[in-house]
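Heads up: the structure comes next, in structure tokens.
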Amino acid sequence: MPKDTITGRGTNSQGNSYDTRSDSSGNTGYHYSNTNGSYYYSNTNGSTYYNSGGCHRSRLPPRV
């Protein structure tokens, strides 16, 4: 499994933080975390995870 490298990070004007990432195969993704505890992750392997403050959801990429 390729290892992610964080290619950028920052904080927006509302204080929410994010980072962008890529892996050695050229896939990209990002992680976004809000000050209220919610988050959204779009990972380089195609999976997504999010939590709107009380309900956790995830989606795994299709098997090839």
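When the residues of the range 29-61 are narrowed to those that are of a type in the set (G, A, S) and modelled with pLDDT of 90 or more, which ends up surrounded by the most Cβ atoms within 10 Å (Cβ to Cβ)?
Once the filter is applied, the top-ranked residue is G29.
Residue-wise test of (1) free of Cβ contacts under 8 Å to residues at least 40 places away in the same chain; (2) in a strand (DSSP E or B); (3) small (G, A, S).
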residue: S13; (1), (2), (3): yes, no, yes
residue: T20; (1), (2), (3): yes, yes, no
residue: S24; (1), (2), (3): yes, no, yes
residue: Y30; (1), (2), (3): yes, yes, no
residue: T35; (1), (2), (3): yes, no, no
residue: Y40; (1), (2), (3): yes, yes, no
residue: N45; (1), (2), (3): no, no, no
residue: Y49; (1), (2), (3): yes, yes, no
residue: G53; (1), (2), (3): yes, no, yes
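Out of curiosity, is D4 over 25 Å from G53 (Cα atoms), surrounded by 11 or more Cβ atoms within 10 Å (Cβ to Cβ), under 14 Å from the mean Cα position of the chain (by Cα) and touching a residue at least 40 places away in the same chain (Cβ under 8 Å)?
It is true that D4 is over 25 Å from G53 (Cα atoms), surrounded by 11 or more Cβ atoms within 10 Å (Cβ to Cβ), under 14 Å from the mean Cα position of the chain (by Cα) and touching a residue at least 40 places away in the same chain (Cβ under 8 Å).
The values are calculated or read from the model by the stated rules, or taken from the named source; none is laboratory data. As the structure is a computational prediction, the values presented were derived from the model and not from experiment. A quick note on method: Cβ atoms are made from the backbone with ideal geometry, for glycine too, and the neighbour counts reach across all protein chains shown.
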